[in-house]
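Engineer: After the structure tokens below, expect a handful of questions from me.
The values are calculated or read from the model by the stated rules, or taken from the named source; none is laboratory data. None of these values were measured; they are calculated from a predicted model. Positions of Cβ are generated from backbone atoms using ideal geometry, with glycine treated the same way; all protein chains shown enter the neighbour counts.
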Amino acid sequence: MNGNNLKEKIASFCDFASANYGGKNLFQARRREECEFAKALTAFHATGQPEREDVRATVSDPYSAHYFANFAVRCASFAVQTNEAEDLHDPHPCRDHQCFAVQTNEAEDLRHGALALVIDADVLDPRDLYGALGVLYEAATRLGIDIFRQVIAPVIEIATASRRKLIRDFFFHPEIEQSIGKLGAEIVYLDGLPWFRFTHF
């Protein structure tokens, strides 16, 4: 996937999120657009730095960055749900298990969520960043995953210097709170399924 393809995939996801990331829509089964965005994130991680920075320069809208944070929160929800967690009443779920790990690879879900937090041109609101990191941390704790070693460390290698510092501070600064309740997020249960969400928007 080249730089132009990546830009198109990111723009397409932002259009989807603008129309669908609100209210109870955040408590729906994984959507095909999210699968495609996850593949774009993996390609972004794998591409060379010059091309990556060219793509990042186009992601300069704070609203888009907020959608990325919401995507990260949804990835955390999928990670803690089971194989039976799909909402069968959703008319647009993605059932292509080869395009995205559906409830079977929790670390991969968390990695996609973390990648979504490092692709913008430093326009992500720090409240969104720390809220999403808190949710990913909570999900990893529930799953027994060492989130920094298994998920975050490989991802921050491609973050901007300022974003890398913020993320490292979240995990290692003694004065930074990691409780989701104090970071503007919570977990709710709908039909027995756990869903994370932001509370400050």
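Engineer: Mind listing whichever residues of region 19-44 are of a type in the set (Gly, Ala, Ser) and either touching a Leu at 6+ places or on another chain (Cβ under 9 Å) or within 20 Å of Arg56 (Cβ to Cβ) (or both)?
Structural biologist: Ala29, Ala38, Ala40, Ala43
Engineer: Can I ask one more? What are the pairs with Cβ atoms under 8 angstrom where one residue, in region 98-111, is closer than 19 Å to Pro154 by Cα and the other, located anywhere, is at pLDDT below 50 and surrounded by fewer than 23 Cβ atoms within 10 Å (Cβ to Cβ)? Sequence gap at least six, or different chains.
Structural biologist: So the pair list comes out as Glu108/Ala101; Asp109/Ala101.
Engineer: Does at least one position in region 45-63 carry a residue that is touching a strand residue (DSSP E or B) at 6+ places or on another chain (Cβ under 7 Å), in a helix (DSSP H, G or I) and modelled with pLDDT under 95?
Structural biologist: no
Results for (1) hydroxyl-bearing (Ser, Thr, Tyr); (2) without any contact (Cβ under 8 Å) to a residue 12 or more places away in the chain, shown as yes or no for each residue.
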{"position": "Ser12", "(1), (2)": "yes, no"}
{"position": "Asn25", "(1), (2)": "no, yes"}
{"position": "Arg31", "(1), (2)": "no, no"}
{"position": "Thr42", "(1), (2)": "yes, no"}
{"position": "Gly48", "(1), (2)": "no, yes"}
{"position": "Glu53", "(1), (2)": "no, yes"}
{"position": "His66", "(1), (2)": "no, no"}
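Engineer: Kindly check whether there is at least one residue in region 162-171 that is crowded, with 18+ Cβ neighbours inside 10 Å, touching a residue at least 60 places away in the same chain (Cβ under 8 Å) and under 26 Å from Asp54 (Cβ atoms).
Structural biologist: Within region 162-171 (the criterion being crowded, with 18+ Cβ neighbours inside 10 Å, touching a residue at least 60 places away in the same chain (Cβ under 8 Å) and under 26 Å from Asp54 (Cβ atoms)), the answer is no, since none of the residues qualifies.
Engineer: Using the structure shown, decide if Val80 is under 12 Å from the mean Cα position of the chain (by Cα) and either at pLDDT below 95 or within 21 Å of Leu133 (Cα to Cα) (or both).
Structural biologist: no
Engineer: Here is a follow-up. Does at least one position in region 107-117 carry a residue that is farther than 23 Å from Gly48 by Cβ and among the basic types (Lys, Arg)?
Structural biologist: Looking for residues that are farther than 23 Å from Gly48 by Cβ and among the basic types (Lys, Arg), one finds none in region 107-117, hence no.
Engineer: Before we move on, is Glu8 in contact with a Lys or Arg (Cβ under 7 Å, 6 or more places away or on another chain), more than 19 Å from Ile156 (Cα to Cα) and either at pLDDT 90 or above or assigned to a helix (DSSP H, G or I) (or both)?
Structural biologist: For Glu8, the condition - in contact with a Lys or Arg (Cβ under 7 Å, 6 or more places away or on another chain), more than 19 Å from Ile156 (Cα to Cα) and either at pLDDT 90 or above or assigned to a helix (DSSP H, G or I) (or both) - is not met.
Engineer: Quick check on my filter: what residues within region 148-201 are modelled with pLDDT of 95 or more and among the hydroxyl-bearing types (Ser, Thr, Tyr)?
Structural biologist: Within region 148-201, Thr160, Ser162 meet the criteria.
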